[in-house]
Structure formats: C-alpha cells, structure tokens
Amino acid sequence: MGEFIVQLRHEPPYHIVFPAMHLTRGQISDLFQQKLGTQPTADPEELTMTARKALRQEYLSADIGITGANFAVAETGMISITENEGNARLTCALPKTHVVLLGIEKVVPRLADLSLLLPMLATAGTGQQITCYNSLIGGPRSADELDGPEEMHVVLLDNSRTRLLADAEQRDSLRCIRCGACLNVCPIFRNVGGHAYGTTYQGPIGSVITPHLRGLQSWQHLSQASSLCGACTETCPVKIDLHHHLLQNRRNAVAEKGSLFQRLGFKAFALVVNRPGWFGIATRAMKFFAPLQRIFNATPADPVWPWTKSRELPSFARRSFRDLWKERTP
Ligand code: SF4
C-alpha cells in the first residue's frame, strides 16, 4: 500500500518498512482524487479499499510479477516473503511469470532459521509477533496445481556485497534484516526524514552500507550525518555495530582522499571550539545569520536547493546555551 502511494507520487520510499509514513490521510485522499478519480475521504479503511481495487486489476492483467524477498533458504531452495497486506503474495501468484530480486546476503542456511528470523523481523519492524502473511515459495506451479505462476526466476544481486563481505571490520552489516528499527530511534532520521538521504536504504544502516554499495567518496557525507549517540546499535536486533561503522567510514574516507575543503574546515572548527572566548563570539554571531535561512529555503534556483529541497535549514537559536546557562546559574 505504501509503495503504491509513493509510486503514484513519483517519489522514492521514505522508510524501509513504512514507505509513505510522511503522508497524512488527507494527502493520500487528495492523491487518490487526482490520480484515481475518487471522492475525498479521511477514512483509512476507505482509502485502503480504493488502493485494493486499483491494485487487484493490475495483478489480474499483469504478465510478470516482480517481488523482492526477505530471505532465501539454501537448504530447500525456497524464498520467504513476509508482509501484512497480501499484495506480494498476489504479485507472486497471479501473473504467469514471477521474478524475484534479492541481495545475496538474504540467503540463510536452513529452513529452521526462519523460526527465529521471521518473528524477529516482525517484532523489530512493526511490533507484531508475526506478520499477517508469510509465504514460502519453492518454484512455479507444478502440473497438478491450480494456482501459481508458470515460470519463476530468482535473480541474486551482488552489487558490491562480496566486497563488503571481505571487509572484516564491517561485514556484520550484511546481517541486516531491514527491520527499520534503527531508523525509528535515530534522532537524525527523525529530523531530516528519509528522502534527505537520497539512497535506497535510509537511516543509520543506509549511511553504513551505501558508501560500500555506491562508492565511499560520493556517499561519505552520510556518515557525518550522525550524532553517534549509539541508539541505532542499541536497538538493532542482529547486533550490527552501526555507530562505530559510521566512524570507520569517516576515517576511511579521509584516509582515502580527504578534500582540502574538509581539512581546512575541520582545522578552522578545531581552532574555534578549543578557545572558549572565540567559541562564545562565534555562537553569538550565529543570530546574524538567521535571515539567511529564508534565502536558503527559497526556490529551486537557489544554489543550496539540492540540500534544502527535502529538509529545512534548522533555526538558529536566538540565545546560546552558554548565555542561558549563565542566566540560570546563580
Ligand atoms: S541495521 Fe539492524 S536495526 Fe537497522 S534495519 Fe538492519 S536489522 Fe534493523
């Protein structure tokens, strides 16, 4: 449902598990009015029925259904899909051909492993004990079966995952089950939102693995977008050391090719923050930059628009913490 909504808006998912979590029911109602010609409604059930009606028709007329998979079982050759709406199951079952795309890290050794992983994914992802639909698919329909596709193709994607596997320091990030729990607790994700990352995987896990999958130099800025509070590591059900991996990405990026701008920037920052007097002047001077906020949040013609189009520049505080502290401390 969430994927359907964001596809109608021609935008990428906002969150790994809740792709349309940034939209209100009113916005979804407006979207359905524009795209599907429905009447306005604030009733989630009615909105769901509208999407259901539109999607059912697609499943019935499609020649090919393409799904991902949550896991693949080496022991039995099956793929496992876990969901709450049944749409993935319809995508597998109704079209004549089913194509599955999954990363190689989704392969688990034994069927019995799912007895741990499926409830873990449901609990960490949505707080359920188990999701509503859990499908295990072992191939196309056989001659004596009525339902299912005539053909099934499984595409295993590497896309730099073997390189990540070779990295002894960070290979544990391939354990990720995409539950989204680290996004939910991340103060940065909660402030900037999923679209600000510009990646398929957002939040702490996206910031860790995207530089491996798409290039460290182009995506190293993601590891700077962290307070390193460690909430992500704390919550991760498969114990990925996320915040340390962000630090390692910062280190690796600078060791590989720290830019002059970065080096000078950090030197200037160190110069100021190590001198309390200078730091005080700098924080007081921030209030003079407040009018810049309006300029920076202006239009697509603005030079910083690529940064501000999906998040607002935070407000500069009128008074610094040091001033407030001085006032409150007798
Ligand atoms: S890194 Fe951990 S918490 Fe984040 S999505 Fe993956 S499994 Fe879930």
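The values are calculated or read from the model by the stated rules, or taken from the named source; none is laboratory data. Note that this is a predicted model, so its numbers are computed, not measured. We place every Cβ from the backbone using ideal geometry, glycine too, and count neighbours over all the protein chains shown. The area values use the complete protein model at the heavy-atom level, side chains included, leaving out ligands, DNA and RNA. Shrake-Rupley method; radii C 1.70, N 1.55, O 1.52, S 1.80 Å.
Miscellaneous remarks
- Over the residues of the chain, the helix contribution to mean residue ellipticity at 222 nm works out to -13000 deg cm²/dmol, using -39500 (n - 2.57) for each DSSP H run of at least 4.
- For the set Ser315, Ser259, the ranking by accessible area, highest first and with no ligand, DNA or RNA atoms included, is Ser315, Ser259 under a 1.4 Å probe.
- Cysteines of the chain lacking any other cysteine Cβ under 4.7 Å from their own Cβ: Cys92, Cys132, Cys176, Cys179, Cys186, Cys229, Cys236.
- Along each principal axis, taking the top coordinate minus the bottom one, the Cα set of the stretch 33-92 gives 50, 25, 14 Å in descending order.
- Net charge of Cβ neighbours under 14 Å - reference Lys239; Lys, Arg +1; Asp, Glu -1: -1
- The stretch 1-115: antiparallel DSSP beta bridges as a percent of all, rounded to 5: 35
- Taking the protein heavy atoms of the stretch 143-274 in the context of the full set of protein chains, the accessible area attributed to carbon and sulfur is 58 percent at 1.4 Å.
- Applying the Kirkwood pairwise sum to the alpha-carbon positions of the stretch 168-242 produces a hydrodynamic radius of 12.3 angstrom.
- Accessible area in the full protein assembly, largest first, 1.4 Å probe, for Leu102, Leu94: Leu94, Leu102
- Sorted largest first, extent of the stretch 198-264 alpha carbons per principal axis (Å): 39, 23, 16
- As a fraction of the 1.4 Å probe accessible area of the stretch 13-132, surface on carbon and sulfur atoms comes out at 56 percent.
- Kirkwood radius for the stretch 63-131, taken over all pairs of different Cα atoms as the inverse mean of 1/r, rounds to 12.8 Å.
- Using θ = phi - 60° and Karplus 6.51 cos²θ - 1.76 cosθ + 1.60, couplings along the stretch 175-190 (whole Hz; Gly, Pro as x): 6, 3, 9, 6, 7, x, 5, 5, 5, 4, 9, 7, x, 6, 4, 5
- For the chain, the share of DSSP beta bridges that are antiparallel, to the nearest 5, is 40%.
- Tail beyond 18 Å, pair distance distribution of the stretch 152-301 (Cα, percent): 66
- Sequence of Ser142, Ser115, Ser226 from largest to smallest accessible area, 1.4 Å probe: Ser115, Ser142, Ser226
- Solvent-accessible surface of the chain, taken per residue with a 1.4 Å probe and all protein chains present: 59 Å².
- Working note: Debye formula, equal point scatterers on the alpha-carbon atoms of the chain, no solvent; log10 I(q)/I(0) at q = 0.11, 0.14, 0.16 Å⁻¹ is -0.89, -1.28, -1.51.
- Nearest-ten-degree value, helix 25-36 long axis tilted from longest Cα axis of the chain: 50
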